[in-house]
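Have a look at the structure below, then the notes.
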Amino acid sequence: VVVRNPDGSQSEAQEVEVRAPEITGFAQGQVFAGSSDVRIDILGRSFRRNARVYAGNARIENKNVRFRSSSRLTVTLSGDLNRLLEKPDQLRFQVVNPNNADGVPSQDKALNVVGPEISGASIQSLPDDSSRVRIVIEGANFRNGSTVEFFKVGMEDAPVLQQKPAAFENNRLIVVVSAKKIER
């Protein structure tokens, strides 16, 4: 950039940095698989009003993109876009700032879509009831309202028992079941 005065004198040339949008992360560290109508805050730099946002291979409609500032956009995944959250995976986002051509795209940035993960399970007897046992399942990404399914080896396509947890924490579920069912 050079500034030239009416008398012809001019400043020394200086560089002006022109930046593309950049996604640095997400306010949510992860999103649970199977969620619907999810709001995601995209954090970054150089976002402009009316920027287009892509998630996976889908364009998110402008009505579902809210410009908060040059460093934050809020995106709502709803309707048909809920299919992007069906399974655990990485969901890639891209922001495209408007211009007179195709726009200026950011690099893709992935958000983790996570499902439940079991790291261990143990069977404990109940001190006051020998007819039932407590199964403690340790892991991550458990959600309230989850169902625990039990399968026989070799019959992974059809659960033999489904049970709601008696107690729930983010990384631990406790299920109380009949001791005879577990023996079978």
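The values are calculated or read from the model by the stated rules, or taken from the named source; none is laboratory data. Quick caveat: nothing in here was measured; it's all calculated off a predicted structure. Using ideal geometry, Cβ is built from the backbone for each residue, glycine included, and neighbour counts are taken over all protein chains shown. SASA here: full protein model, heavy atoms, side chains in, ligands and nucleic acids out. Shrake-Rupley method; radii C 1.70, N 1.55, O 1.52, S 1.80 Å.
A simple rule links phi to the HN-Hα coupling: the Karplus curve 6.51 cos²θ - 1.76 cosθ + 1.60 with θ = phi - 60°, which for segment 92-105 gives 8, 10, 9, 10, 10, 6, x, 8, 7, 10, 7, x, 10, x Hz, with x for Gly and Pro.
Show me the GluC sites (Glu not before Pro) within segment 1-92 that DSSP assigns to loop and that have at most 15 other Cβ atoms within 10 Å of their Cβ. Walk me through the numbers on the way to the answer.
Details: sites: Glu12, Glu15, Glu17, Glu22, Glu61, Glu86; in loops: Glu12, Glu15, Glu17, Glu61, Glu86.
Sites meeting the loop and neighbour criteria: Glu12, Glu15, Glu17, Glu61, Glu86.
Ordered by residue, what ³J(HN,Hα) values in Hz, to whole numbers, does segment 4-14 give under the Karplus form 6.51 cos²θ - 1.76 cosθ + 1.60, where θ = phi - 60° and Gly and Pro are x? For segment 4-14, the Karplus-derived couplings read 10, 7, x, 7, x, 5, 9, 7, 6, 5, 10 Hz, x marking Gly and Pro. Compute the FRET efficiency between Arg49 and Asp89 as 1/(1 + (r/R0)^6), taking r as their Cβ-Cβ distance and R0 = 30 Å, and round to the nearest 0.05. Calculated transfer efficiency: 0.50.
For segment 43-115, the alpha-carbon coordinates run over 38, 22, 21 Å along the three principal axes, in decreasing order.
In segment 98-184, the portion of solvent-accessible area held by carbon and sulfur atoms comes to 46 percent [1.4 Å probe, whole percent, DNA, RNA and ligands not counted]. Relative to its residue count, segment 1-40 spans a Cα convex hull of 115 Å³ per residue. Annotation: amide H-H contacts under 5 Å for Glu86 (H modelled 1.01 Å from N, sequence separation of 5 or more, or interchain): Gly34. Spherically averaged projected area of the convex hull of Cα atoms, the chain: 16.4 nm². How large is the translational diffusion coefficient of segment 1-85 in µm² per second when you combine the Kirkwood radius over alpha carbon pairs with Stokes-Einstein at 20 °C and 1.002 mPa s? The Stokes-Einstein estimate is 140 µm²/s.
Couplings for segment 149-164, taken from phi via the Karplus curve 6.51 cos²θ - 1.76 cosθ + 1.60 with θ = phi - 60°, read 10, 10, 10, 8, 4, x, 10, 6, 7, 9, x, 8, 7, 10, 9, 7 Hz in order; Gly and Pro are left as x.
Selection among Leu126, Ala110, Asn100 by position relative to the dipole of segment 71-136 gives Asn100 as farthest towards the positive end (Cβ unit charges, Cα centre).
Legend: residue pairs Lys87/Lys181; Lys63/Lys109; Lys87/Lys180, Cα-Cα distance threshold 26 Å; pairs beyond threshold, Lys87/Lys181; Lys87/Lys180. For the chain, the per residue solvent-accessible surface stands at 67 Å², with DNA, RNA and ligands left out and a 1.4 Å probe. Scaling against 2.2 N^0.38 Å puts the C-alpha radius of gyration of segment 117-184 at 1.10.
Structural descriptor for segment 78-184: relative contact order 20 percent, calculated from alpha carbon pairs under 8 angstrom and at least 6 residues apart.
Taking the Cα centre of the chain as origin and assigning +1 to Lys and Arg Cβ atoms and -1 to Asp and Glu Cβ atoms, the resulting dipole is close to 460 debye.
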